[in-house]
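The values are calculated or read from the model by the stated rules, or taken from the named source; none is laboratory data. Quick caveat, the model's predicted, so the values are computed rather than measured. Here the Cβ positions follow ideal geometry from the backbone for every residue, glycine too, while neighbour counts run over all protein chains shown.
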């Protein structure tokens, strides 16, 4: 009888040790030698399609009316306004950011003239003046319309355009303040 008890207790002890070893192995692989286990947390990824639009922001098409015969211009890439629309931009700082990052495609002071083979229009869009459908008397709506392109980028219509609008915000290439500054500069070019 004692031998059977020894086998049962030995088996239970070995089973418990295996369970603890397995849990330790899983914990070590997920967390390493830390007690905080921050590396075990799943990364938060932004969904490409916003699931909720904050109630404090205007609807994307509210207040935007294209002139007769013109279509409302929207970027091809999905996403809503970024944090830059809630910041106050500095047009002088925006001019410097524009000269470093945007002049290559949109030309000096945004006047355009850069050829974009493969795009429907054949040119990179000018920002001075911006398309009339993006302009609005309400600064916030005008800024939001520009921010959508700067934040998420866009692919021009056409078979295979050479140049595409970079997603400056999504790629974290520009900070929200830099985007707000560029928006202020572009709006200053389009009174």
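If I ask for residues that are under 20 Å from residue 177 (Cα atoms) and not in a helix (DSSP H, G or I), which ones from the range 90-136 would you list?
Result: 90, 102, 127.
Would you point out which residue out of 133, 68, 108, 91 is modelled with pLDDT under 80, surrounded by fewer than 18 Cβ atoms within 10 Å (Cβ to Cβ) and either within 20 Å of the chain's Cα centre (by Cα) or within 20 Å of residue 191 (Cα to Cα) (or both)?
Matching residue, one of 133, 68, 108, 91: 133.
Only residues that are in contact with a strand residue (DSSP E or B) (Cβ under 9 Å, 6 or more places away or on another chain) and under 14 Å from residue 120 (Cβ atoms): list them for the range 143-162, please.
154, 155, 156, 162
Looking only at the range 141-154, decide whether some residue is outside any helix (DSSP H, G or I) and under 24 Å from the mean Cα position of the chain (by Cα).
Yes, there is a match, as at least one residue in the range 141-154 is outside any helix (DSSP H, G or I) and under 24 Å from the mean Cα position of the chain (by Cα).
Looking only at the range 173-191, count every residue that is over 17 Å from residue 106 (Cβ atoms), at pLDDT 85 or above and part of a loop (DSSP other than H, G, I, E, B) and tell me the total.
1
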